[in-house]
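This report concerns only the one structure given below.
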Amino acid sequence: MDLTRQLQAARAECNRRRGQRDHLQQERTRQQERLEQARAAARVLEQVIVLLKETSDHAREQARQTIAGLVTHSLRGVFGPDFGFRIELKDTAGRPQADFLVTSRQGEGGELLETRPEESRGGGVVDVVSLGLRIAMLETHRPALDGPLVLDEPAKHVSDEFIQAVALFLKEVATQRGRQVLMVTHSQHLAGTADRGFLVVRRDGVSQVIPVAGGAQT
């Protein structure tokens, strides 16, 4: 009986540690995804800083207002009217620098909070800020850039509660700005809003592209 109890205890301990291992592996995967998301957002923010540095004071202020307005429109289109985006310009050692801040108000008449995009609630805010900045960079580039808006897994970390709003926002961008949106996504909500959809499947090591009417998951 002692041997049986010892064996049962050993199995229980093994299962417990296996559960801990699985949990740690899942957490590591989540942290790696958050790190990659932060790196992608940082690359976009660096491009905006370069744009602001290379313009004159007057043009810089115009670019700041335009970019902040477009990103604010993106945030409000997805999360509601209590959100906004602000770019704070300052000179450091004679060189222009920029801080990026997401503003939000907790309820009517609530306190206005300002946080960096990467410190805002959940990964969804960073995704939408990155999306808004990409659109702003495309729209404010001089000389003007024609062509489609190409997106790879946009709004990957936006929760199901807000993903439909992202889909509607992208439809608005396509309609109002006259740009085709080409998007690769695993989100059914985003794919379902497409005018044309293609399903990519891998069979026997070969990728096949299948047209699907009315939008499809890709």
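Observations on the model:
- For the stretch 120-218, the share of accessible area belonging to carbon and sulfur comes to 54 percent (1.4 Å probe, ligands and nucleic acids excluded).
- Cα gyration tensor shape for the stretch 69-122, rounded if a/c is under 1.5, else prolate or oblate: prolate
- Three-way shape label, the stretch 12-107, alpha-carbon gyration tensor, a/c 1.5: prolate
- Integer Hz, Karplus 6.51/-1.76/1.60 couplings in order for the stretch 183-200, x for Gly and Pro: 9, 9, 7, 9, 7, 5, 5, 5, 5, x, 8, 5, 6, 9, x, 9, 9, 9
- Cα pair distances in the stretch 118-205, grouped into 5 Å bins until the bin that holds the longest one, percent each: 3, 12, 23, 23, 17, 12, 6, 3, 1, 0
- Amide hydrogen neighbours beyond the local backbone of Leu151, cut-off 5 Å, H modeled: Leu182, Met183, Val184
- Among 5-17, 75-87, 126-138, the peptide with the highest mean count of other Cβ atoms within 10 Å heads the list, and the full ranking is 126-138, 75-87, 5-17.
- Where the chain is the region considered: accessible area per residue in Å², 1.4 Å probe: 64
- Rounded to the nearest 500, the helix-only mean residue ellipticity at 222 nm of the chain stands at -18500 deg cm²/dmol, with each DSSP H run of n ≥ 4 adding -39,500 (n - 2.57).
- In degrees, nearest ten, helix 122-140 long axis to first principal axis of the chain (Cα): 30
- Extending 7 Å from the Cα toward the beta-carbon at both Glu119 and Gln47 defines two label points whose distance is 2.6 nm.
- Carbon and sulfur %, accessible surface of the stretch 1-117 computed with the full protein complex present, 1.4 Å: 49
- Across all Cα atoms of the stretch 104-164, the radius of gyration (one decimal) and Dmax (whole number) stand at 14.7, 42 Å.
- Between the amide H of Thr193 and any residue lying 5 or more places away or on another chain, no distance stays under 5 Å, with hydrogens modeled in the peptide plane.
- With the simple model of a label 7 Å out from the Cα in the direction of the Cβ, Gln164 to Arg196 spans 2.8 nm.
- The angle separating the long axis of helix 160-177 from the principal Cα axis of greatest extent in the chain is about 30 degrees.
- In degrees, nearest ten, helix 57-79 long axis to first principal axis of the chain (Cα): 40
- Label zone (Val212, point 7 Å along Cα-to-C-beta; backbone nitrogen cut-off 13 Å) within the stretch 169-195: 184-195.
- Within the chain, antiparallel bridges make up roughly 85 percent of the DSSP beta bridges whose residues both belong there.
- The magnitude of the dipole of the chain, with charges of +1 and -1 set on the Cβ of Lys/Arg and Asp/Glu and taken from the Cα centre, is near 660 debye.
- Cα centre as origin, Lys/Arg/Asp/Glu Cβ charges: the stretch 98-218 dipole, Debye: 500
The values are calculated or read from the model by the stated rules, or taken from the named source; none is laboratory data. None of these values were measured; they are calculated from a predicted model. Every residue, glycine among them, receives a Cβ derived from its backbone with ideal geometry; neighbour counts consider all protein chains shown. Surface accessibility is based on the protein's heavy atoms, side chains included, excluding ligands, DNA and RNA. Shrake-Rupley method; radii C 1.70, N 1.55, O 1.52, S 1.80 Å.
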